[in-house]
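In what follows, a structure is listed as structure tokens, so that the remarks can point back to it.
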Amino acid sequence: MGMLSYPDRLAVIVSETSLLVDGLGDADLSVPVPATPAWTLNQLLRHVGYAHRWVAQMVAERFPQIDRSLSKAHSVDGYAGETAAELKPWLTEGAALISSAMAAVAPDEMIAVLRPGRPGPDFWSTRMAQETVMHRFDAFEALGLPFAVEDRLADDALHEWMTTIVDIIFELRPAAGELLGTGRLCFEATDVGRQWTVDLTGDAPQVAPDRSKADVTVHGPAFDLVLALYQRRGAEGLAVSGDAGLLEKFLAAMRF
């Protein structure tokens, strides 16, 4: 099926934000968000908009590396009482800002770098596209709205998790490190024909885009696998064969 291109991902940031805004209607933003129970919907929306603005600033001003001190994306606890009418244009503006800033640079420029050796624009185009998708899911879940995502976007989300997010989690989460030396897990995305094997038998996770001999294999649509990996759902409803206990421990440790 192929991964999304750089322009595709910038377009996704805008289109997913538009879908998020359309879904809000005149919703009560004080409702809790199941995926982020410490936040109300109001605070989740502020998180999304500030993440867009943070990356837009770093790219537009050509920071060589990221500057976390500029981000307000996790400083949203004080926001309350805002209306959807107030936040919808603000969210739309933020998506336009990041898309415009990133369209003005090449994806391989070494600016706004987070991962060593990985050009910031390339990294952030994927990260912000998928961040917006996932938080649209979170918002729609909080509002009880139906959610759907295109296969190519789900495939891209799974690709990002397997090639980038898993390494970040193992760097940051001690609970993930405790899984090293255990076994292999295979994830098969039945709708997009993609297989990924996560090998935990060594002293660092090794991920390969194939189906290898595994201790546990999980079959399901790509985005259902993504939701499980991001702890938005459990393994219920997915086809699991092999060591279900290893899968349970793995998913429980994958907090991102």
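Quick notes on this structure:
- Dipole of segment 6-148 [Lys/Arg +1, Asp/Glu -1 at C-beta], most positive-end residue of 137, 79, 60: 60
- Charged side chains reduced to their Cβ positions (Lys and Arg at +1, Asp and Glu at -1) give the chain a dipole of some 400 debye around its Cα centre.
- Acute angle (nearest 10 degrees) that the helix 120-143 long axis makes with the longest principal axis of the chain, alpha-carbon atoms: 90
- Rounded to whole Å, the principal axis extents of the Cα atoms in the chain read 51, 41, 34, largest first.
- Cα centroid separation - segment 107-128 against segment 222-241, whole Å: 28
- Each residue of segment 25-36 is assigned a 3J(HN,Hα), and the resulting list reads x, 10, 4, 6, 7, 8, 5, x, 9, x, 6, 10 Hz, derived from the Karplus form 6.51 cos²θ - 1.76 cosθ + 1.60 (θ = phi - 60°), x at Gly and Pro.
- Its DSSP H runs of at least 4 residues, each contributing -39,500 (n - 2.57), put the calculated 222 nm mean residue ellipticity of the chain at -15500 deg cm²/dmol, to the nearest 500.
- Straight-distance candidates among the aspartates and glutamates for linking to residue 249, with alpha-carbon spacing under 12 Å and chain neighbours fewer than 8 residues away dropped: 178.
- Gaussian network model of the chain, Cα within-10 Å springs - most flexible of 213, 72, 88: 213
- Between 0 and 90°, nearest 10: helix 6-24 axis offset from the chain longest Cα axis: 70
- Cα-based helix-to-principal-axis angle, 41-60 vs the chain, degrees rounded to 10: 90
FYI, it's all coordinate maths here, none of it is from the lab. Only a predicted model underlies this, so the values are computations on that prediction, with no experimental measurement involved. Glycine gets a Cβ as well: all are built from the backbone with ideal geometry, and neighbour counts include every protein chain shown.
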